[in-house]
1. Considering only residues that are over 18 Å from B:Leu66 (Cα atoms) and surrounded by 15 or more Cβ atoms within 10 Å (Cβ to Cβ), look in the range B:115-130 and name the one that is farthest from the other protein chains (Cβ to nearest Cβ).
2. Within the bounds of the range B:193-215, is there any residue that is of a type in the set (Phe, Trp, Tyr), closer than 15 Å to B:Thr139 by Cα and surrounded by 14 or more Cβ atoms within 10 Å (Cβ to Cβ)?
3. Among the candidates B:Ser21, B:Ser26, single out the residue that is more than 16 Å from A:Leu89 (Cα to Cα), within 9 Å of chain A (Cβ to nearest Cβ), touching a helix residue (DSSP H, G or I) at 6+ places or on another chain (Cβ under 7 Å) and modelled with pLDDT under 95.
4. Tell me whether the range B:51-62 contains one or more residues that are part of a helix (DSSP H, G or I) and either crowded, with 16+ Cβ neighbours inside 10 Å or at positive phi (or both).
5. For the range B:309-328, what are the residues that are part of a strand (DSSP E or B) and either under 16 Å from B:Met228 (Cβ atoms) or hydroxyl-bearing (Ser, Thr, Tyr) (or both)?
6. Working only within the range B:66-87, note down all residues that are surrounded by fewer than 15 Cβ atoms within 10 Å (Cβ to Cβ) and at the interface with chain A (Cβ under 10 Å from one of its Cβ atoms).
7. In the range A:93-104, which residue that is within 11 Å of another protein chain (Cβ to nearest Cβ) and surrounded by fewer than 18 Cβ atoms within 10 Å (Cβ to Cβ) is modelled with the highest pLDDT?
Amino acid sequence: MIDQPLDSLLHQPVRTRLAAYIAARGEATFSELKQALDATDGNLEAHVKKLVAAAYLEAIKSQGHGRPQTLYRLTPLGLQAFHDYVAELQRLLPELSGDETESTASLTRTGMTWKAT
Amino acid sequence: MNLNSQSSGSAQLQAIQAMLSSGHASIRLERHTFMIWGMTAAALILVVPRLISLESFPDHSERLWLQTLVISMALLVAGVVDARWTARARRRRDESLSFIQRQITKLWWLLIALVVVIDIGMSLYGGGYFFYGIALVLTGIGIYVHGLFSRQMLTWGGALQILLGLTMIATSPDMTVQEWVAVSDFGIGFPAFALMVDRTQQRNPVRELSLSLLWLSLVLIPAFVMVMLFQTHQYDDWPKLTWDAYVDGAMSTGGDTAVVTLPAGSLVPVSLAITGDLLVPVEQPQPLMMMTTKPVDLALEQGELQGMTRFGEGDWRSGYDYRIERWEAKGSLSPSRGASLDVRFNLCFER
């Protein structure tokens, strides 16, 4: 079995969690990300910028009544990269994927199916 | 890049799983949502039957469509106001409406539309006795489904609402009781949900049971107080007239109000006007003579029936609170009698 490198952008705790949260929620504002990840403004901003620069994340400016909002959403490239990352993670943990442990079972329950590469 | 250890990989997967769960549980119902929908529903239950009543609009179709129009418009306004206020509140907090919440909101609208359609159907084809119970169950399902994707205690609230609705359907109390329970449920219970659903995010059976009892008390006590007030109205203090005195014209010489007692065994002509598409009457139907099984007190105001009645020693209740049960229509054919149709039903004023 050939080891494929894990995506260095996503293989970072904050960015992994950020991608997972948006993948499940669809889109989120900066405030919601901050609250969900329990991160500081500066820290979160740095990670968001990296994901936006890699075109994993897109920022959508929303105009309407009240103040303008910026919503962050995973791009198709970002979503695919996230799927590939989780699949690779599961492949690297054979006993986890084989035994359907709590983690992987829970991942399956959330409705996200991972394509093994 | 390889994992340093299986434990770190497992931790990473668990972190992903936690964030996926967190992202999926993204529905949050605003307090004003409960207030707007609850108050609107309570006001509609209280106002519409009194505003667009049998007396004001004797034609059934006209009354039905007018009621439907008012109800639909009020619910539409409630929905638009709720959507705008929610969007404004979210923007103020720099929050968004998640994808799943937008989809479940559509389901909520479908359930509300279903309640309106059922109301129309029951007005046309009967079964209105179950309307409030069904309305409670359907709104409860709406709240419960929201709760499946939320960290608020919405599944608890929805389950309580469904339970109350099912109890109403199963026990089928007087319409007056059903009406006030529904008014109290929407007018008090919904705002109470608004205050309670954020109280705890951890499952705690004792706390949930306590909140359930508190919520049921908040809904049922005011409802039964209103029913008691309604039933022990001023009619007991009104002058009482025997049937003979009423027939002798005592009402015209007396005051504006009176309670006339129709004794048990009184003959009451019942006019049945049956129309249809296949069968139409060929002559003026004769009234069917029926007999009262117990004394009936009738409240009169200005010589007219006021709408409130009392059977025997029971409580005062609306004279419109009746039900037609066990409809049966059976056709038969014989050379001697020809074709005939036997229609039966049970007309109940008491439960």
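The values are calculated or read from the model by the stated rules, or taken from the named source; none is laboratory data. These figures come from a predicted structure and were not determined experimentally. Heads up, the Cβs are rebuilt from the backbone with ideal geometry, glycines too, and the neighbour counts pull from every protein chain shown.
1. B:Tyr129
2. yes
3. On inspection, the qualifying residue turns out to be B:Ser26.
4. Within the range B:51-62, not a single residue is part of a helix (DSSP H, G or I) and either crowded, with 16+ Cβ neighbours inside 10 Å or at positive phi (or both).
5. B:Thr309, B:Arg310, B:Arg317, B:Ser318
6. Listed by number, the list holds a single entry, B:Arg84.
7. A:Pro94
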